[in-house]
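The values are calculated or read from the model by the stated rules, or taken from the named source; none is laboratory data. Because the structure is predicted, anything quoted here is derived from the model rather than measured. Cβ placement follows ideal geometry from the backbone for every residue including glycine, while neighbour counts extend to all protein chains displayed.
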Amino acid sequence: MISDRHPLALGDGWGRFDLYDELLAQADMVLVAGSRIDVVSDANLGARFPKRIVQIDLDPGVIGLRRPPEVAVVGDAAAVLGALADELSPVRPVECWFDVSGFRQRKRAWMVEHAGPVLELIEDLRAAAPEDAIFVDDLTLVGYWMPLLFETYQPRTLIHPGTYGTLGYALPAAIGAKLACPKQAVVAISGDGGFMFTLQELATAVAEKLDLIVLVFNDNAYGAIKTFQDRMFRGRRIGTDLANPDFVKLGEAFGVHSARVEPKALGAAVRRALDKGGVWLIEIPFAPEGAPTMVPWMP
């Protein structure tokens, strides 16, 4: 479903997709607030920005790092945008220069075609958790798609390792998020390969008596790397298939609630874990084929 909570929000556009060409072609100027225009976005969408750019950032070293701005403002983005809004407040409401509703409908159709079961799974996750739940994803198929497909309703509720390429990020980062925000539900999203990098941190979660949900999407491989090798090297593979443990038994050995569920049952499993509390390890066998395996950064 497309949320109506943020009627002007078009969602994240990172990756090698052409969804935003129509919008950028109509834009006279780009206002960049509190963003360093990361390398993945800049190599694609940034290259098609209008030449007129106004950039706002608290860090002067970020301004002009990737795209030269016509106007640079060093300051807190919230304060600068508030002052700008006061100066630009219209006497009467004006219509948006861009067909937001039409764009969002076209984007939705595109996502259904290209993400398929990944979109369904992410929407089930969204529906199962409170609006202020914090999701921390790793470098895995579902995690790669999260910035593009996942609806967020509050700041800092989707934490992504960005362009650092940090396998094993999700579990320790989720523990930190839960310690910092104990009243909010926290869900870690890992693949089987990335989870194996830092699985010992389950012991930390148990020792801290946290309420934490750890999802492990298991395709018994470094799935993105396998797909990349297939595309770039005509099916020649090395180091991509994994010999995994029984993740349910592994979780039980750490003393955490553990379960294995099919993708269609994931939403119900997350709701059950939220209701019961404690540390949960939920394994989901998930190895879609075709378009969904083409993660956003892959050429």
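Answer with yes or no whether Ile282 is under 25 Å from Asp124 (Cα atoms) and not in a loop (DSSP other than H, G, I, E, B).
When the stated conditions are applied, Ile282 passes them.
Somewhere in the stretch 219-232, is a residue among the charged types (D, E, K, R) and under 26 Å from Asp275 (Cβ atoms)?
There is no residue in the stretch 219-232 that is among the charged types (D, E, K, R) and under 26 Å from Asp275 (Cβ atoms).
What number of residues within the stretch 204-232 satisfy the criterion of being of a type outside the set (D, E, K, R) and assigned to a helix (DSSP H, G or I)?
Within the stretch 204-232, residues that are of a type outside the set (D, E, K, R) and assigned to a helix (DSSP H, G or I) number 11.
Quickly run through the stretch 178-189 and pick out the residues that are surrounded by 18 or more Cβ atoms within 10 Å (Cβ to Cβ) and either in contact with a Ser or Thr (Cβ under 6 Å, 6 or more places away or on another chain) or among the hydrophobic types (A, V, I, L, M, F, W, C) (or both).
Matches in the stretch 178-189: Ala185, Val186, Val187, Ala188, Ile189.
Kindly evaluate Gly143 against the criterion of being in contact (Cβ under 8 Å) with a residue 24 or more places away in the chain, over 21 Å from Arg272 (Cα atoms) and in contact with a Gly (Cβ under 8 Å, 6 or more places away or on another chain).
For Gly143, the condition - in contact (Cβ under 8 Å) with a residue 24 or more places away in the chain, over 21 Å from Arg272 (Cα atoms) and in contact with a Gly (Cβ under 8 Å, 6 or more places away or on another chain) - is met.
For the stretch 172-203, which positions are assigned to a helix (DSSP H, G or I) and in contact with a helix residue (DSSP H, G or I) (Cβ under 6 Å, 6 or more places away or on another chain)?
Pro172, Ile175, Thr198, Glu201
Test Pro285 against the stated conditions and say whether it is in contact (Cβ under 8 Å) with a residue 12 or more places away in the chain and either among the basic types (Lys, Arg) or under 20 Å from Asp219 (Cα atoms) (or both).
Taking the combined requirement at face value, the residue satisfies it.
Do you know which of the residues in the stretch 57-70 that are more than 25 Å from Glu22 (Cβ to Cβ) and not small (Gly, Ala, Ser) is modelled with the lowest pLDDT?
Among those that are more than 25 Å from Glu22 (Cβ to Cβ) and not small (Gly, Ala, Ser), it is Leu65.
Looking only at the stretch 47-62, count how many residues are over 11 Å from Val32 (Cβ atoms) and either assigned to a loop (DSSP other than H, G, I, E, B) or touching a helix residue (DSSP H, G or I) at 6+ places or on another chain (Cβ under 7 Å) (or both).
8
When you go through Thr152, Thr140 one by one, which is the residue that is in contact with a strand residue (DSSP E or B) (Cβ under 9 Å, 6 or more places away or on another chain), surrounded by fewer than 24 Cβ atoms within 10 Å (Cβ to Cβ) and either more than 18 Å from Ala128 (Cα to Cα) or assigned by TED's automatic domain parsing to the domain that holds Val214 (or both)?
After applying the criteria, what remains is Thr152.
Please indicate, with yes or no, whether at least one residue in the stretch 63-71 is of a type outside the set (Val, Ile, Thr) and assigned to a helix (DSSP H, G or I).
Scanning the stretch 63-71, I find no residue that is of a type outside the set (Val, Ile, Thr) and assigned to a helix (DSSP H, G or I), so the answer is no.
From the list Val100, Val39, Val94, Val74, pick out the single residue that is modelled with pLDDT of 85 or more and of a type in the set (Val, Ile, Thr).
Just a single option satisfies the conditions, and that option is Val74.
Between Asp211, Asp219, which is farther than 19 Å from Thr140 by Cα, buried (at least 16 other Cβ atoms within 10 Å of the Cβ) and touching a residue at least 12 places away in the same chain (Cβ under 8 Å)?
Sole residue among the options that is farther than 19 Å from Thr140 by Cα, buried (at least 16 other Cβ atoms within 10 Å of the Cβ) and touching a residue at least 12 places away in the same chain (Cβ under 8 Å): Asp211.
Could you grab me the full set of residues in the stretch 110-119 that are surrounded by fewer than 24 Cβ atoms within 10 Å (Cβ to Cβ) and either of a type in the set (A, V, I, L, M) or free of Cβ contacts under 8 Å to residues at least 24 places away in the same chain (or both)?
Met111, Val112, Ala115, Leu119
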